[in-house]
Amino acid sequence: MKKILLILSAILACGFSAHAKLNVVATLPDFGSLAREVGGDKVEVVTLAKATEDPHFVDARPSFVVSMRNADVLIDGGAELEIGWLPPLLQNARNPKIEIGKPGRVEASAGVRLMNVPTNVTRAAGDVHALGNPHFTVDPIIAKAIAQHIAQSFSTLDAANAAVYDANYKKFEATINAKLQEWGAALLPFKGLNVVAYHDSWVYFAHRFGLNIDIFLEPKPGIPPSPSHLTEVIAQMKAQKIKVILVEPFHDRRIAEKVASATGAKVVDFAQFPGGLPGTDNYVKLIDTLVSRLAAALK
Amino acid sequence: MRKFILVTLAIFPLAIASAQEAAPAPNSSPASAVSNATPASAADVEALRQQVQSLTETVKTLQQQVKDQQAALEKANFAGEAPPPQNPEPSPIAGAAGSPAPAASAPPRFPTEDTSVVSSTTAPAVSGTPAPGSFPTTDTSVVTSAPETISSSGAGASLAQPITIGGGKNYMNISFDGLFALAYSSARDLDHIEVGDHDPQQRGFNARNIELAFDGAVDPYFEGFANIVFKLDNDNKTEVEVEEAFLQTTSLPFNLQLKAGQFFAAFGRINPTHPHTWDFADAPLVHGRLLGPDGLRGVGAQISWIVPVPWYSQVIFAVQNGRGGTGYSFRNPGDGGIFFGRMTTDREARGLQDFVWIPRWENSVDLSPTQVVLAGASGAFGSNETGANSRTQIYGGDFLYKWKSSHAEGGFPFVKWQTEVMYRRFEAGRGMNESFPVAETFHDWGMYSQVMWGFKKGWVVGVRGDYLYDTDSHFTDDPDRQTRSRISANLTWYPTEFSKIRLQYNHDFLEENFFLAGRDVDSVFLQFEFILGSHGAHKF
């Protein structure tokens, strides 16, 4: 009996003492990347969803409960993108540090004006998000705001390293500000052009760089492409001479290729999350890749 | 409305311009404020100071105006008018003003700030000792909703927020689930073939699980859940069931969680879940016969603990009354006072031994980023009503393996293999007043194993094998104690996660026996379901 108690207390001690670094859990890889930018080597970041999978449908696997149980900080979108899998994890994690309202909870959408907020929420329109389109991190200006919130959270919880987080954030901000000049210039020649996407994930990206991404292979968000809808899309693409179809790693590329071959357009692999495309292990590289791929395809 | 936007837009650049001029005032560093000036006289400085002061005043009033406009705008937006991001191109002035980094010598051409998407980044001081210039506030002239930005529950997200279920601003989530089945069976008495209470019970249409579900935070300490089930019996009479209604703690220390109320026992994988999340249209034989047609649930309390080890390990311990039909193998008075042939005693609890004690231990590891296994062991121990001191013990083991593609869309493709084994030791006494000729001990066991393959977005095909062995009793001819086996196959289409259509085929092997004349039974079910209301998040 005594032995068991000893072992138990040893285990408990392990559980409580491993706090040299801030334990950060990010629901999605974009938040994870921003957390690494800001936290540097002062934080340990665990990302739940994979960069290549559909962020709407992630399994609430038990190992996530373990990560969230140990988290000092949880970064989630806060705009219902993860509503299909985050709530049961939060219920089971029983971690008061990451409750909404605590400094350990960063809701990335806080302070972001979401676009496409439906005035009338009906699921007849497909998988619409009542709070607005949740795919906002691909706008670098919004990414800066998220990084800033993350820095605030880290600094509050780990005041000793506040200066480090501050400096890291500033560095990230400066990088983004400088990069925005490059990205803006690279896409400037294509301002106002129409681009087709498989799913409505790019409204913020389009808004930032002056593109129109309003035509989708999905007839409605989350509804698989139907032949009749694709016929319509092909007609639109021909009429508007649209040259590019954006697909994400988890989309059915063959459908996009069919449409491309019918219209002479190019299929461009796009990803919302760092790591979703080769050579994009952080946020800046991801946007670099997106911009250069898109610019090359639109030429 | 449009006017407001115009006015606001007109004011923004003005305010920004003033802000820019006024900005250097507080630090009054001559180098940056008046760099081009020749050494100034005291009078000049005084004049300048006054000028700066008046400018500061102007800025303040302008800010107030902007705030007012903003408030008006928000109000207008709440009334359901144009959503905010319809704003025109980001104003280049805002961009220039917004990047306070003094290093940037030339004003950036491409805007690096956009107040139309980031409402406010002004935040309360971050650390105790903010370094000068920490977290540059992007643009003080457009403080829209500073208090809202950080702490609110997603409310700061949008100016126009629909007040609706699933839209965030509600005290509880409400959903409605309708689960129906059209059934054909070669057996006329389908209610004897199917073992679960929510399974199809007759040839033709069945509405066995129409469910209202509520959940939400009770207060900072508890969450509440309730599932009220309506079902139509074979004569189309409505029956109501309080399937679950419990509260659960949210922030107990040491990874503990308490639950109390009416709830499903955490025994195996099928029992704690609601029929609409099942992969088949009916319950496995072993589940319906050993835990009961309604599953093992009741009024009680439960404590669970996440063991602080590097993998997922949870210990759950519950106690329930275990009385009535939902405590099937325990203090169940049976149909008309008869259970397993015995006249039941139907007594009050005499002590702790008459409650059902339900421990469970489950563990899970990720074999790889795409593969997860979960294994659990459960038990349920208590008294039964067939004798003064007769006891029941049920043991269960369960195993789940799941693979999901790293490029899954909508959660597909996946492969899921789930198996449960249960064993029941049932001391069947001599009934009330020792009226039954013998006391026996039944050793019953059974298992099912199923593989589901989600081969394409929205499409799942599955097979299941079922086996149930019940100790042969020479003294009773209870149809509920017949040894049986079954194979099932089904195909499910989920148009979205809120609806499904399922076609299932069952083949029941039935031995020559007193009740089903030894003829195998074929059944076909067409199950359909819809969900209204809040998004049904799924546990693993």
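All conditions but one from (1) away from chain A (no Cβ under 14 Å); (2) closer than 17 Å to B:Gly325 by Cβ apply to B:Phe263; the one that does not is (1). Counted as qualifying within segment B:410-519 are the strands (runs of 3 or more DSSP E) with 2 or more residues that are farther than 30 Å from B:Tyr184 by Cβ, namely B:412-428, B:440-456. Of the residues making up segment B:384-399, those that are more than 16 Å from B:Leu291 (Cβ to Cβ) and crowded, with 19+ Cβ neighbours inside 10 Å number 4. Number of residues in segment B:395-426 that are touching a Lys or Arg at 6+ places or on another chain (Cβ under 6 Å) and among the aromatic types (Phe, Trp, Tyr): the value is 2.
When segment A:100-125 is filtered for residues that are crowded, with 24+ Cβ neighbours inside 10 Å, more than 19 Å from B:Ser116 (Cβ to Cβ) and among the charged types (D, E, K, R), only A:Glu107 remains. Has segment A:173-194 got any residue that is at pLDDT 95 or above, within 15 Å of A:Val267 (Cα to Cα) and surrounded by 23 or more Cβ atoms within 10 Å (Cβ to Cβ)? No - not one qualifying residue is present in segment A:173-194.
Taking segment B:347-374 as the range and being touching a Gly at 6+ places or on another chain (Cβ under 8 Å) and either away from every other protein chain (no Cβ under 11 Å) or buried (at least 20 other Cβ atoms within 10 Å of the Cβ) (or both) as the test, the residues that pass are B:Gln353, B:Asp354, B:Phe355, B:Val356, B:Trp357, B:Ile358, B:Pro359, B:Arg360, B:Trp361, B:Glu362.
Taking the criterion of being buried (at least 20 other Cβ atoms within 10 Å of the Cβ) and more than 9 Å from chain B (Cβ to nearest Cβ), the only residue of segment A:162-171 that qualifies is A:Asn168.
When A:Gln236 is tested against (1) away from chain B (no Cβ under 14 Å); (2) surrounded by fewer than 18 Cβ atoms within 10 Å (Cβ to Cβ); (3) of a type outside the set (Gly, Ala, Ser); (4) in contact with a Lys or Arg (Cβ under 8 Å, 6 or more places away or on another chain), just one condition goes unmet, and that condition is (4).
So which residues in segment A:215-233 are without any contact (Cβ under 8 Å) to a residue 40 or more places away in the chain and more than 10 Å from chain B (Cβ to nearest Cβ)? A:Ile215, A:Phe216, A:Pro225, A:Ser226, A:Pro227, A:Ser228, A:His229, A:Leu230, A:Thr231, A:Glu232, A:Val233, listed by residue number.
Of the residues that sit in segment B:376-399 and are in a strand (DSSP E or B) and either at the interface with chain A (Cβ under 10 Å from one of its Cβ atoms) or hydroxyl-bearing (Ser, Thr, Tyr) (or both), which one is farthest from B:Asn332 (Cα to Cα)? Per the criteria, the residue is B:Ser378. Consider segment A:189-209 and keep the residues that are of a type outside the set (D, E, K, R) and at the interface with another protein chain (Cβ under 8 Å from one of its Cβ atoms). The one that is farthest from A:Lys144 (Cα to Cα) is A:His207. Per the listing A:Val267, A:Val244, A:Val259, the residue uniquely touching an Asp or Glu at 6+ places or on another chain (Cβ under 6 Å), of a type outside the set (Lys, Arg), within 21 Å of A:Pro224 (Cα to Cα) and not assigned by TED's automatic domain parsing to the domain that holds A:Thr27 is A:Val267.
The single residue among A:Asn161, A:Asn194, A:Asn212, A:Asn168 that is closer than 30 Å to B:Glu409 by Cα and touching a residue at least 24 places away in the same chain (Cβ under 8 Å) turns out to be A:Asn194.
Pairs linking a residue in segment B:317-329 that is without any contact (Cβ under 8 Å) to a residue 60 or more places away in the chain to a residue that is in a loop (DSSP other than H, G, I, E, B) and surrounded by 23 or more Cβ atoms within 10 Å (Cβ to Cβ), with Cβ atoms under 6 Å and 6 or more positions apart or on different chains, are B:Ala318/B:Ala265; B:Tyr328/B:Gly292.
For the criterion of being buried (at least 21 other Cβ atoms within 10 Å of the Cβ), in contact with a Pro (Cβ under 7 Å, 6 or more places away or on another chain) and not acidic (Asp, Glu), A:Leu246 fails. For B:Gly431, the requirement of being within 14 Å of chain A (Cβ to nearest Cβ) and at pLDDT below 95 is not met. In summary, A:Phe31 fulfils each of the numbered conditions (1) more than 7 Å from chain B (Cβ to nearest Cβ); (2) surrounded by fewer than 24 Cβ atoms within 10 Å (Cβ to Cβ); (3) closer than 22 Å to A:Asp200 by Cα; (4) out of contact with any Leu (no Cβ under 7 Å at 6 or more places or on another chain) with the single exception of condition (2).
In this structure, A:Val291 does not qualify as under 27 Å from A:His129 (Cβ atoms), part of a strand (DSSP E or B) and in contact with a helix residue (DSSP H, G or I) (Cβ under 8 Å, 6 or more places away or on another chain).
The single residue among B:Asp477, B:Asp444 that is among the acidic types (Asp, Glu), within 23 Å of B:Asp508 (Cβ to Cβ), at pLDDT below 95 and assigned by TED's automatic domain parsing to the domain that holds B:Asn271 turns out to be B:Asp477.
The values are calculated or read from the model by the stated rules, or taken from the named source; none is laboratory data. This structure is a prediction, so every number in the text was calculated from the model and none was measured. Positions of Cβ are backbone-derived with ideal geometry, glycine not excepted, and every protein chain shown enters the neighbour counts.
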